[in-house]
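Participant: There's a structure below that I have some questions on.
What follows is calculated from the coordinates using simple rules that are stated; it is not laboratory data. Please read all numbers here as calculations on a predicted model, not as lab measurements. Backbone-built Cβ (ideal geometry, glycine too); neighbour counts: all protein chains shown.
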């Protein structure tokens with residue numbers, strides 16, 4: 001059964017069809033890639049899935065149920081976590097608190113119990129603290145737990161953002177260009193991290209990426225977007241050979257130029 | 001995962017909590033000790049300044065929560081003070097209960113006003129709240145001016161006088177503890193996360209509208225308490241005490257004290273309330289000095305007096321880590 005399904009989903013901004021007629025089906029537990037040239041509509045697809053945009057056409061199903069119109073908060077609570085292309089950490093909070101915020105939904109104590117430091121609140125807090133530290137530990141971030149999130153170097157910020165998203169215990173994780181701005185060795189490390197996350201947390205991953213080495217290296221299936229429409233779908237090998245994809249990335253007359 | 005993490009105490013321990021309660025009880029006892037043994041022998045002029053500082057502290061701590069920590073730009077804080085003041089005054093005039101019960105009722109009335117104003121406007125992001133609260137402040141003043149039962153523009157007189165040093169600072173301690181504990185709790189983390197990145201917070205399944213409304217309503221409650229105390233300070237209140245310029249004054253105290261700090265705005269509230277009195281001997285130059293001070297602050301400390309820090313951060317060696325206490 002597919003965990004996420006887009007059925008002819010699309011959105012228009014006025015006259016612009018940013019995404020149209022998109023069919024996408026993610027088998028549970030897979031590592032799925034979404035690629036395409038700049039402006040193809042990849043991040044828009046993420047924003048449709050996570051409820052930031054409301055699709056103007058089609059339907060989006062998560063675990064067999066439509067999530068259209070639920071809004072970002074409830075969609076996240078239903079089990080879809082995400083990271084952002086431009087990293088969005090809580091800059092005023094410590095590394096640890098960035099993760100602890102993600103446990104807020106599971107708080108049992110009410111506001112007054114929190115203010116009065118009632119036993120129920122203290123138990124909540126101790127649990128959130130322990131879970132957050134454990135998660136940071138598995139991501140190798142525990143030594144920086146008390147640092148301000150802004151003080152982390154770029155690569156670790158990416159890591160923290162992924163750890164934070166996993167703290168909500170999502171069933172589906174959307175990663176928006178996690179390798180952006182990374183050199184080949186960092187990207188390679190990230191590839192291992194993503195694979196490890198899928199194995200350790202048993203989560204389905206949908207990945208947007210420009211780094212072809214990363215996409216081709218870890219994704220089991222790939223969908224290629226161009227101008228908001230799907231132009232190809234298949235395994236990395238099929239995608240690599242697909243003439244339509246090559247055309248979209250490199251232009252039509254590349255072959256004639258090369259041979260001439 | 002080679003070695004286990006070093007054992008650490010839970011961030012908020014039961015022992016720390018009990019010590020915190022003990023310190024609070026001592027502080028309350030100290031306030032009433034001063035009230036009984038020191039205030040009667042103190043220059044009434046000085047007592048007056050201190051009590052007015054206390055009321056400013058209550059108003060400012062609420063806005064520090066809303067603006068400084070949650071990042072919501074509210075321009076109508078004096079409007080909530082007006083709601084609290086008039087609710088408390090009406091209680092005291094017509095119920096015969098102790099005026100401090102009226103003050104509490106004033107706080108709840110302001111909180112209800114906070115829900116009414118906050119619920120529709122906090123669903124949106126951006127500057128809507130500033131416009132709505134600005135309008136709310138104006139509407140409240142006009143409503144009071146045109147309500148004969150509330151005394152109209154002339155105000156209400158003949159209120160019982162009950163705002164003593166002891167009561168004022170009992171409320172200040174209660175409010176200070178409430179807001180400090182709220183900010184250092186899981187809710188405080190969420191408020192700051194709203195300020196830093198609302199979209200990311202929603203992607204974690206946290207209801208940001210709810211968090212913003214909670215912060216806003218708590219802020220309104222303590223402004224209402226400040227208003228209730230004001231109503232029982234000089235036996236009379238009138239609408240012009242709660243106009244827009246008062247909201248701006250409170251806003252200036254928060255911004256100058258530092259957004260993202262609680263003790264900074266409290267310090268600046270005390271300084272800015274006392275300053276006009278200190279400058280009384282050079283009264284002609286008062287506004288000049290006041291303006292120069294504001295301009296100097298903007299140039300030298302653009303993030304406010306303390307920035308995002310607390311006074312206690314300057315007494316501890318560990319840099320910039322989050323405060324963890326009861």
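Participant: Two decimals is fine: what's Rg over Rh for segment B:1-128, C-alpha atoms, Kirkwood radius as Rh? Mind showing how you got there, number by number?
Facilitator: Numbers: Rg = 20.8 Å, Rh = 18.7 Å.
Value, to two decimals: 1.11.
Participant: Using only the alpha-carbon atoms of segment A:166-260 as identical scatterers, what base-10 log of I(q)/I(0) does the Debye formula give at q = 0.10, 0.14, 0.21 Å⁻¹?
Facilitator: -0.33, -0.61, -1.13
Participant: Quote the Stokes-Einstein diffusion coefficient, in whole µm² s⁻¹, for chain A, based on the Kirkwood radius over alpha carbon pairs, a temperature of 20 °C and a viscosity of 1.002 mPa s. Working shown, then result.
Facilitator: Values: Rh = 19.7 Å.
It diffuses with D of about 109 µm²/s by this estimate.
Participant: What is the percent of Cα-Cα separations in segment B:90-169 that go past 14 Å?
Facilitator: Working: 2301 of 3160 pairs.
The answer is 73 percent, as a whole percent.
Participant: Considering only C-alpha atoms, what is the centroid distance from segment A:60-99 to segment B:167-215, in Å?
Facilitator: Centre-to-centre distance over Cα atoms comes out at 20 Å.
Participant: Could you list log10 I(q)/I(0) for the protein assembly as shown at q = 0.05, 0.10, 0.12, 0.13 Å⁻¹, which the Debye formula gives when each Cα is one point scatterer?
Facilitator: -0.28, -0.91, -1.16, -1.28
Participant: How large is the helix-only mean residue ellipticity at 222 nm for chain A, computed as the sum of -39500 (n - 2.57) over DSSP H runs with n ≥ 4, divided by its residue count, in deg cm²/dmol to the nearest 500? Provide the component values of the computation, followed by the final result.
Facilitator: Values: 11 runs with 106 residues, N = 260.
That calculation yields -12000 deg cm²/dmol at 222 nm.
Participant: How large is log10 of I(q)/I(0) for segment A:89-169 at q = 0.13, 0.16, 0.18, 0.22 Å⁻¹ when the intensity is taken from the Debye formula with one equal scatterer per alpha-carbon?
Facilitator: Debye output, listed in q order: -0.39, -0.57, -0.70, -0.95.
Participant: Taking other Cβ within 10 Å of each residue's Cβ, how do B:41, B:32 sort, fewest first? Walk me through the intermediate numbers first.
Facilitator: Working: B:41 6, B:32 15.
In increasing order of surrounding Cβ atoms, one gets B:41, B:32.
Participant: Grab the DSSP H runs of chain B that are 4 residues or longer, score each as -39,500 (n - 2.57), total them, divide by all residues and round the 222 nm result to the nearest 500 deg cm²/dmol. If you can, show how the numbers build up before the last one.
Facilitator: Details: 12 runs with 208 residues, N = 326.
So the calculated ellipticity at 222 nm is -21500 deg cm²/dmol.
Participant: Of B:180, B:189, B:15, which is the most mobile in a GNM of chain B whose springs link Cα atoms less than 10 angstrom apart?
Facilitator: Result for chain B, Cα springs under 10 Å: B:15 fluctuates most.
Participant: Roughly how many whole Å is it from the C-alpha centroid of segment B:257-319 to that of segment A:1-27?
Facilitator: Each part's Cα centre sits 54 Å from the other's.
Participant: Using Cβ contacts closer than 10 Å as the measure, can you line up A:19, B:112 from fewest to most?
Facilitator: Values: A:19 27, B:112 16.
Sorted ascending by nearby Cβ count, the order is B:112, A:19.
Participant: Given the convex hull over the Cα atoms of segment B:174-326, what projected area results after averaging over all orientations, in nm²?
Facilitator: Numbers: hull surface 47.9 nm².
If you wrap the Cα atoms of segment B:174-326 in a convex hull and average its projections, you get 12.0 nm².
Participant: Tell me whether segment A:52-203 comes out rounded, prolate or oblate; compute the Cα gyration tensor, take square roots of the eigenvalues as a ≥ b ≥ c, and use a/c under 1.5 as the rounded threshold. Don't skip to the answer; put the middle values down first.
Facilitator: Values: a/c = 1.87, a/b = 1.09, b/c = 1.72.
Here segment A:52-203 falls in the oblate category.
Participant: In degrees from 0 to 90, rounded to the nearest 10, what is the angle of the helix B:14-37 Cα long axis to the longest principal axis of chain B?
Facilitator: The angle comes out at about 20 degrees.
Participant: I'd like to know how segment A:1-142 sits against the 2.2 N^0.38 Å rule of thumb: what's its Cα Rg over that expected value?
Facilitator: Details: Rg = 18.8 Å, N = 142, 2.2 N^0.38 = 14.5 Å.
Ratio of Cα Rg to 2.2 N^0.38 Å: 1.30.
Participant: Select from B:306, B:262, B:293 the residue whose mean-square fluctuation is largest in a Gaussian network model of chain B (Cα-Cα springs shorter than 10 Å).
Facilitator: Residue with maximal mean-square fluctuation among B:306, B:262, B:293: B:293.
Participant: So which residue, out of A:232, A:179, A:213, gets the largest mean-square fluctuation from a GNM of chain A using Cα contacts under 10 Å as springs?
Facilitator: Ranking A:232, A:179, A:213 by mean-square fluctuation puts A:213 first.
Participant: Additional query: For B:280, B:52, what's the fewest-to-most ordering of other Cβ within 10 Å of each Cβ? Walk me through the numbers before you get to the answer.
Facilitator: On the way: B:280 9, B:52 18.
Listing B:280, B:52 from fewest to most nearby Cβ atoms yields B:280, B:52.
Participant: To continue, here is another question. If you average the C-alpha positions of segment A:128-162 and of segment B:24-102 separately, how far apart do those two centres end up, in angstrom?
Facilitator: 41 Å
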